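A quick write-up on the structure given underneath.
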Amino acid sequence: MIRHVNVPGTETVRFMDNKRKSRLGRVVSNKMDKTAVVAVETRRHHPIYKKTVRRITRYKAHDEMNECQPGDTVRLEETRPLSKEKRWRVAEIISKAEQLEVRPVELEAQPEEVVVEPEEAVVEPEKAVAEVEEEAEPEEAAAEPEETDET
């Protein structure tokens, strides 16, 4: 929509109302300098299946002051291309994410726990190999049928 503004001493000045697209989304990442990745969720009714379909689109948005933190709800505004993938900028931060305060825990020096394994569980490698070989011999004998002389 065009509105006319009369400025004294000049002719009528025409201003375009804000025609830029706007989106609400949640900040997913802010690891890049002056860039925030914002996830925008759109819901629409599927024409055939009659179900609500949820689509999440991730936009890279320009964040001049690096103010956005993951979890913040922001309003994006369309702008000129700023880079290969950045076409949006953060217009305002609507709500900040709740940040949990984590206090450092003082670690007390605790004596190391000594775990003693039962003697049965501790087996020397030579004995273990010998036991396995002994167990395998009876199985082989049982697998072969005994030959008997029937004359």
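The values are calculated or read from the model by the stated rules, or taken from the named source; none is laboratory data. Source: prediction; values computed, not measured. Glycine gets a Cβ as well: all are built from the backbone with ideal geometry, and neighbour counts include every protein chain shown. Protein only, heavy atoms only, side chains kept; ligands, DNA and RNA dropped before computing areas. Shrake-Rupley method; radii C 1.70, N 1.55, O 1.52, S 1.80 Å.
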State all residues of the range 34-49 that are free of Cβ contacts under 8 Å to residues at least 12 places away in the same chain and in contact with a Lys or Arg (Cβ under 8 Å, 6 or more places away or on another chain); if no residue qualifies, say none. Arg44, His45
Within the range 74-106, can you find the residues that are in contact with a Lys or Arg (Cβ under 7 Å, 6 or more places away or on another chain), without any contact (Cβ under 8 Å) to a residue 60 or more places away in the chain and among the hydrophobic types (A, V, I, L, M, F, W, C)? Leu76
With the first residue restricted to the range 15-27 and required to be under 14 Å from Ala91 (Cα atoms), and the second required to be at pLDDT below 90 and part of a loop (DSSP other than H, G, I, E, B), Cβ contacts under 8 Å at 6 or more apart or on different chains are Val27/Ala97
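Please determine, by comparing only the residues of the range 89-103 that are of a type in the set (D, E, K, R) and outside any strand (DSSP E or B), which one is surrounded by the most Cβ atoms within 10 Å (Cβ to Cβ).
Among those residues, the one meeting the criterion is Lys96.
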Could you please find all residues in the range 51-69 being farther than 17 Å from Leu82 by Cβ and modelled with pLDDT of 95 or more? Lys51, Thr52, Val53, Arg54, Arg55, Ile56, Thr57
How many residues are within 16 Å of Val27 (Cα to Cα), in a strand (DSSP E or B), open to solvent by 70 Å² or more (accessible area, probe 1.4 Å) and not basic (Lys, Arg) when one looks only at the range 51-88? 1
